[in-house]
Structures are given as structure tokens and as C-alpha cells.
1. List every residue pair whose Cβ atoms lie under 9 Å apart, where the two residues are 6 or more positions apart in sequence or sit on different chains, the first residue falls within the stretch 151-178 and is farther than 22 Å from ASP59 by Cα, and the second residue, located anywhere, is crowded, with 16+ Cβ neighbours inside 10 Å and aromatic (Phe, Trp, Tyr).
2. Step by step: first the residues of the stretch 156-173, then only those that are over 8 Å from the mean Cα position of the chain (by Cα) and aliphatic (A, V, I, L, M), then the one that is surrounded by the fewest Cβ atoms within 10 Å (Cβ to Cβ). Which residue is that?
3. Among the candidates THR68, THR55, THR100, single out the residue that is β-branched (Val, Ile, Thr), farther than 24 Å from PHE178 by Cβ and more than 18 Å from the chain's Cα centre (by Cα).
4. Any idea which of ALA95, ALA110, ALA123 is assigned by TED's automatic domain parsing to the domain that holds LEU162 and under 18 Å from the mean Cα position of the chain (by Cα)?
5. Check whether at least one residue in the stretch 155-170 is out of contact with any Leu (no Cβ under 7 Å at 6 or more places or on another chain), closer than 26 Å to THR68 by Cβ and part of a loop (DSSP other than H, G, I, E, B), and report yes or no.
6. Give the residues of the stretch 50-104 that are basic (Lys, Arg) and farther than 20 Å from ALA156 by Cα, sorted by residue number.
Amino acid sequence: MKKRIIWEIGIGAVLILAALFFVSQEKARQPKIVLRTLAIYSNPDFKISLAYPSTWQIDPARGAFRGTPLSFKGDDGFFGIDAVGVVGDLNIDGAAKSLTQEIKKPYGSAPKISSTTIAGADARFILPSPDQPKEENGVVAMVVQYPRPVEIGKYAYLYFMLYGDKLHLREIANALKFVGL
């Protein structure tokens, strides 16, 4: 009788250990959620604000406009801003296409341009073709129509341009807000 009780306790302990092992393996297979802190970037001249990874720093190579930096970068990505489409210039499709047809072909020979909506506005997403020049570091871009023309320096622009790495650009674009328009 004593042997049977010891035997049952031993089997019970083995079953409990096996169950704990399988539960721990299941937890290990579940995706890990990485929480990261975001920083807010605002540019009063471009009339925008957006969020980006707080570990990124100002990219001094891109300079600033009226003291506000135009680009940030980190170990895992980057973003920058610009404006395109002087009033009376091009529609949004023409503005996006013109960016892909620069002499250096920054998005390769056959980039894809798709329509989307960002901050409630008409936008175009530019995805490079496989032959994108390596020095472009995999840059992708968004051209977003301003709610109304924005005067930056001497010109009024119709479109805000956000460019950056493929991994982060959509997330950054989804946080875009037009300020004071």
C-alpha cells in the first residue's frame, strides 16, 4: 500500500512538472509586446505634429528650417519632412510621381505609388522598387495634401512630405496632425 501511494505521488509530481513545462513553452511562443516611449515633434512652419521613437536624435546632416530640425534618426530608423507642390503646380498624383522621377531615381526605376488617407487627408505612399540605390537606405515616402496651402518661406505649398524607413513610416504617418489649419 505504501509503495502504491509513493508511486501515485511520484506520477502526480511528474504530471505537474510536465504541465508546467508545456505552459512555460506556450508562453515563450507568444509574441512579446515591446512598449516604447514616443516623443512629439512639432514644426510650426510646416504646421504639423507627429510622434516618433524617443530614442531617435536630431539628424544634423539634414539641417533645420528657422531653427527647427527637419530630420531625426536612430539605430533602427529615421524620418524627415519636406513640402512639395507649389500652389498651381501639380495635383497630388503629379507631385508624388515627380518625386520618383528625379535624376538620381531615389525610389528606383519602378516605384509603386498607392493612394491612402492620412490625418483625414488624401495621401500617396511611395514604395521603392528593388533596384533602389543603396545610398537611399531603403527610404519610403508619404505625400499628404494639406487642408489648405501652407506658406513656408517664400512659397505656399499644397503637400506635406514625410519620408523615412519602411518599418516606421506608416506608424509615424498615422500620428500626423495638422496644426493651425
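The values are calculated or read from the model by the stated rules, or taken from the named source; none is laboratory data. Fair warning: this is a prediction, and the values are worked out from it, not measured in the lab. Cβ: placed from backbone, ideal geometry, glycine included. Neighbour counts: every protein chain shown.
1. These pairs meet every condition: GLU151/TYR157; TYR157/PHE46; TYR157/TYR146; LEU158/TYR146; TYR159/TYR146; PHE178/TYR146; PHE178/PHE160.
2. So the residue we want is ALA156.
3. THR100
4. On the way: ALA95 fails: under 18 Å from the mean Cα position of the chain (by Cα); ALA110 fails: under 18 Å from the mean Cα position of the chain (by Cα).
None of the others qualify; the one that does is ALA123.
5. No: zero hits.
6. Of everything in the stretch 50-104, those that are basic (Lys, Arg) and farther than 20 Å from ALA156 by Cα turn out to be ARG62, LYS73, LYS104.
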